[in-house]
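What follows is one structure encoded as C-alpha cells, with my remarks underneath.
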Amino acid sequence: MTRTIVIGGGIAGLASAALLAREGHDVTLLESRAELGGRAGLWETEGFRFDTGPSWYLMPEVFDHFYRLFGSSVAEQLDLVKLDPGYRVLFEGDPVPVDIRADRAANIRLFESVQPGAGRALDRYLDSATETYDMAVKRFLYSSYESFRPFLVPDVLRRLGRLARLLLQPLDKFVAGFVTDARLRQILGYPAVFLGSAPNLTPSMYHLMSHLDLADGVLYPQGGFSTLIDSIAAIARSEGVRVITEATVTAVRVNGDKTVAGVSYRDSAGQSVSLDSESVVSAADLHHTETELVPTALQTYPERWWQKRRSGPGAVLVMLGVSGELPQLQHHSLFFTTDWGKNFGQIFGKTTSVPSPASLYVCMPSATDPSVAPTGDSNLFVLVPVPADVTLGAGGINGAGSVTIELIADAAIAQVAQWAGIPDLAARITVRRTVGPADFADDLNSWKGGALGPAHTLRQSAFLRGSNMSKKVSGLYYAGGTTIPGIGLPMCLISAEILLKRIRHDTTTGPLPEPLPARPGRPAVPGGFGGFGGFGGFGGYSDTPAESAPPS
C-alpha cells in the first residue's frame with residue numbers, strides 16, 4: 001500500500017486525500033491551521049456566521065460528479081437553493097440596478113430591455129459559451145496534459161481555428177462584438193474576475209463562464225460553504241484518511257535518488273516530526289511549496305520562474321454584522337465603476353494602487369439563509385479587489401487592522417451605503433472584521449498575498465499554467481487552485497481528479513467513470529447532514545493532534 005501525505009486541508013487537499021484513499025493509498029493529511037477549509041473558511045461571532053472565502057456555487061455538475069464518484073450525490077450531501085435574482089448589479093451614477101435572473105430565457109429578455117437587439121445577441125453569445133463550455137469539460141478541464149495525443153480527435157481538430165481565435169482575442173474585445181451598452185459589456189466581462197484576471201487580459205475562451213451564471217443560474221448551499229467542506233472532510237475520513245491539524249509542514253524530504261522520502265512538520269506543541277511516505281501531494285500554494293518546502297536544486301518552479309508570472313488580485317475582505325434587514329441588496333450584489341478599465345489597470349498594471357472608488361462585490365447570505373445571522377439582522381461580506389501586495393497590511397477585528405486596510409474598508413462601506421441607498425449603514429454595524437493581503441500571505445502562504453492564485457492569462461491557462469507533478473522529484477504532486485486547471489472550488493475538485501489520473505498515467509480528457517470501485521472494508525459514504533453533524537457541526541473535524549499524530 002502506497003503511503004501518501006497530502007499537504008493542506010482545503011477543498012483540493014480533502015478531495016485529493018479522499019480519492020487517493022479510495023484508490024488504495026494509506027493517506028495522512030496535514031493542515032497547518034486548527035480548522036479545515038483553507039480559503040473556504042468560517043468565522044463566527046455574536047450569532048453571525050461568515051464564509052471567509054468562496055461564495056458562488058457554479059458548475060453544479062462538477063460537485064455532483066465528485067460525490068457520485070463515492071456513491072453519493074449533492075442531494076444527499078447539501079441543501080441547495082437556486083437564487084433568483086442570481087445577483088444584482090449596481091452601476092456608478094445609475095440609480096436603477098440590473099437584476100440577473102435565474103434562467104437563460106429571462107436574461108435574454110433582460111438584455112433586450114436594456115438594449116434593443118441585445119437579447120438576440122445574448123442568445124448567440126450563450127450558444128457559443130455553452131458549446132465552448134461543453135468542449136472544455138469533455139476535452140480540456142479534466143486533462144493532466146501528460147500527453148497531447150488525446151486532443152488529436154475530430155471534434156477538436158475541426159475547431160482548431162475557432163479555438164485559436166478564442167485564445168488570442170481578449171474577452172473584452174470579444175464581448176464588444178455582441179453588445180454596445182457599457183453596462184451589458186461589464187456584465188459579460190466580469191467573469192474574468194472569478195479567474196483572477198481582467199477582461200482585457202483574459203482569453204475570450206473564458207466567455208464560457210457566462211454559461212454558468214446567465215444560463216445555468218447561481219446556487220447556494222444552506223448553512224454556507226463550510227457545509228461543503230464538512231461533507232468532503234467526512235468522505236475523506238470515511239475512506240480512512242488520517243487528518244492532523246495544527247501541523248505545519250516545514251520541508252518535503254527527498255532521498256538521494258531524487259524520490260520522495262516524506263515530510264517534516266511542526267506539530268501543535270512546536271515539536272519537529274518526520275513522517276515517511278512514498279508520495280507527497282501538496283495542495284498548498286504552489287509558490288510556497290516549490291520555493292519554501294522543496295530543496296533549491298530540485299525546484300521545478302523556482303523563484304525566477306515566478307518572477308515572469310502574473311498574480312491574480314489581492315483583496316480586502318470586510319465582514320459586517322448589521323442590525324436590521326437590507327432589502328436594497330441581494331444575496332450577491334456587484335458594484336461596477338464607470339471607468340473600470342482604470343480599476344483593472346491599477347490592480348494589474350506595472351505601477352499599482354488601490355482603486356477608489358472600486359468595482360467591488362457584496363455577499364449577503366442572510367437574504368437566503370436565516371441560520372447565518374440573528375433573526376432580523378444581516379451579514380455582509382464585502383470584497384474589494386486590490387493589488388496583490390503584502391505591504392498593504394493585515395486586517396483585524398473592530399478596526400484593529402492596519403491603517404491602510406481599515407481605510408479601504410471604510411471607503412467600501414461608504415460606497416455601498418451611497419450607491420445602494422442605505423445612508424445609515426455604518427451606524428448599524430455591530431460586528432466588523434477585515435482581512436488584507438498580509439493575512440492571505442501569513443495564514444495561507446499565498447504568493448504575493450494574492451486572494452486567488454495566478455491569473456488566468458493566456459500564458460497561465462491550460463498546460464501553460466504548469467504541471468501538477470514535479471519534474472525533478474519523483475513522487476511529488478500538486479493540487480489546488482494554483483496548479484491546473486485553475487481557480488475556484490469546482491476547479492479545485494477537478495484538480496484532485498486530475499491528480500489521480502496523473503498517478504494512474506490516465507491520459508483521458510473527460511471525468512472519471514462513476515462510481516469509483518469501492519475499497520474493501522470501508523463503510524459507506526455518509527449521506528445528508530446527519531453524516532457530518534448537521535449545521536451545528538462546524539469545527540468538529542479538527543482532530544486532536546495527540547490522538548492523530550503518527551510516531552516520529
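With no solvent and one point per C-alpha, what does the Debye sum give as log10 I(q)/I(0) for segment 476-520 at q = 0.15, 0.17, 0.27, 0.32 Å⁻¹?
For the requested q values the scattering log ratios are -0.40, -0.50, -1.03, -1.18.
Taking N as the number of residues in segment 295-351, what is its Cα Rg relative to 2.2 N^0.38 Å? Could you put the intermediate results ahead of the total?
On the way: Rg = 19.3 Å, N = 57, 2.2 N^0.38 = 10.2 Å.
With N residues counted in segment 295-351, Rg over 2.2 N^0.38 Å equals 1.88.
Compactness ratio of segment 1-119: Cα Rg over 2.2 N^0.38 Å, N = residue count? Show your work: numbers first, answer last.
On the way: Rg = 20.4 Å, N = 119, 2.2 N^0.38 = 13.5 Å.
Cα-based Rg divided by the globular estimate yields 1.51.
Count the net charge of all other residues whose Cβ sits under 13 Å from the Cβ of Leu380, scoring Lys and Arg as +1 and Asp and Glu as -1.
On the way: positive: Arg49, Arg428, Arg432, Arg433; negative: Asp51, Glu325, Asp377.
Local charge sum for Leu380: +1.
Under a cut-off of 19 Å between alpha-carbon atoms, report the aspartates and glutamates in cross-link reach of Lys308, not counting same-chain residues fewer than 8 places apart.
Asp285, Glu290, Glu292, Asp389
Output needed: percent of Cα pairs per 10 Å distance bin for the chain, bins running from 0 to the one holding the longest distance.
4, 18, 30, 29, 16, 4, 0
Under the Karplus relation 6.51 cos²θ - 1.76 cosθ + 1.60, θ = phi - 60°, what is the ordered set of whole-Hz ³J(HN,Hα) values for segment 485-496, x standing for Gly and Pro?
Result, rounded to whole Hz: x, x, 7, x, 4, x, 5, 5, 5, 5, 4, 5.
Using a probe of 1.4 angstrom, how much of the accessible area of the chain is carbon and sulfur, in percent? Walk me through the intermediate numbers first.
Numbers: 11030 of 20620 Å².
The C+S portion of the solvent-accessible surface of the chain is 53 percent.
Which values, in whole Å and largest first, are the semi-axes of the equivalent ellipsoid of segment 376-469 obtained as the square root of 5 times each eigenvalue of the Cα gyration tensor?
Values: eigenvalues 195, 51, 27 Å².
Whole-Å semi-axes of the equivalent ellipsoid: 31, 16, 12.
What does the C-alpha gyration tensor say about the overall shape of segment 110-165? Classify as rounded when a/c is under 1.5, otherwise prolate if a/b is larger than b/c, or oblate.
Working: a/c = 4.34, a/b = 2.76, b/c = 1.57.
Cα axes put segment 110-165 in the prolate bin.
Regarding segment 168-322, what are the three Cα extents along the principal axes, ordered largest first, in Å?
Largest first, segment 168-322 extends 60, 42, 32 Å along its Cα principal axes.
Just to confirm, what accessible area per residue do you get for segment 233-332 at 1.4 Å probe, in whole Å²? Working shown, then result.
Numbers: 3660 Å² over 100 residues.
Per residue, segment 233-332 has an accessible area of 37 Å².
The values are calculated or read from the model by the stated rules, or taken from the named source; none is laboratory data. From a predicted model like this one, the values you see are computed outputs, not experimental measurements. So basically every Cβ, Gly included, is an ideal-geometry build from the backbone, and we count neighbours across all protein chains shown. Heavy atoms of the whole protein, side chains included, go into the accessibility calculation; ligands, DNA and RNA do not. Shrake-Rupley method; radii C 1.70, N 1.55, O 1.52, S 1.80 Å.
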